[in-house]
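Input: a single structure, listed below in structure tokens.
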């Protein structure tokens, strides 16, 4: 069995990122979103409660997501010849729920041993941090054994521009030196702006930049789904939210 994750805040190694002072409060590091709570790309999410009034195409339903996570878990075990050195880190906030489920599934495939599990808030490591509105920070928590010499599997919901994944790699520099870093995403929607590629992909989803991907993850028994929503039209109430330059792509 592995020790419980220990909270870690960004170190002083990158002061230009505007790190949170020691002792400042943090949000619950591992929230399980409520049913209907939007979980997905920050650039794409409609306001909470508005999704029921939007018409979109269901790309993955709850059963599909369950099968995808099982398949990805098998791929992780096969690629790494087991999971003895695997550490699973969810990218806050939207990758935490998926990371929990993936780690549990991998554990069940490898004899029921609990995998080291943690989460990263990469907000202050993004290259557009000065362009985005101020927001409260979530907590970064790393397993007690650290990440040195391990295989870190980063988990996120949607891969878009690649900038969130790059920020996660930068955050890992302040935490330790893994033997390898792998990226698992539920949806890859394309439109990469950086040379980033996921090692494990639940679904490759061709999209236009105008379309929005909405990931709903309500918990193990919740009505999980991935929806593809049309872009905001003229006069849409979501136009400003979807096109605001401060909300850079993930």
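Within the stretch 183-195, the set of residues being more than 13 Å from the chain's Cα centre (by Cα) and surrounded by 16 or more Cβ atoms within 10 Å (Cβ to Cβ) comprises 189, 192.
Before we move on, is residue 132 surrounded by 15 or more Cβ atoms within 10 Å (Cβ to Cβ), touching a helix residue (DSSP H, G or I) at 6+ places or on another chain (Cβ under 7 Å), at pLDDT below 95 and at negative phi? The answer is no for residue 132. Remark: pairs (first residue in the stretch 90-114, on the phi > 0 side of the Ramachandran plot and surrounded by fewer than 20 Cβ atoms within 10 Å (Cβ to Cβ); second residue at pLDDT 95 or above and part of a helix (DSSP H, G or I); Cβ separation under 9 Å; 6+ apart in sequence or on different chains) are absent. For the stretch 58-75, a residue qualifies if it is buried (at least 16 other Cβ atoms within 10 Å of the Cβ) and part of a strand (DSSP E or B), and the qualifying residues are 59, 60.
Of the listed requirements (1) out of contact with any strand residue (DSSP E or B) (no Cβ under 8 Å at 6 or more places or on another chain); (2) surrounded by 19 or more Cβ atoms within 10 Å (Cβ to Cβ); (3) modelled with pLDDT under 95; (4) more than 17 Å from residue 171 (Cβ to Cβ), residue 52 misses just one: (2).
Is it fair to say residue 147 is assigned to a loop (DSSP other than H, G, I, E, B) and closer than 22 Å to residue 76 by Cα? Taking the combined requirement at face value, the residue satisfies it.
The values are calculated or read from the model by the stated rules, or taken from the named source; none is laboratory data. Because the structure is a prediction, the values reported are computed rather than measured. Reconstructed Cβ throughout: ideal geometry from the backbone, glycine too, with neighbour counts over all protein chains shown.
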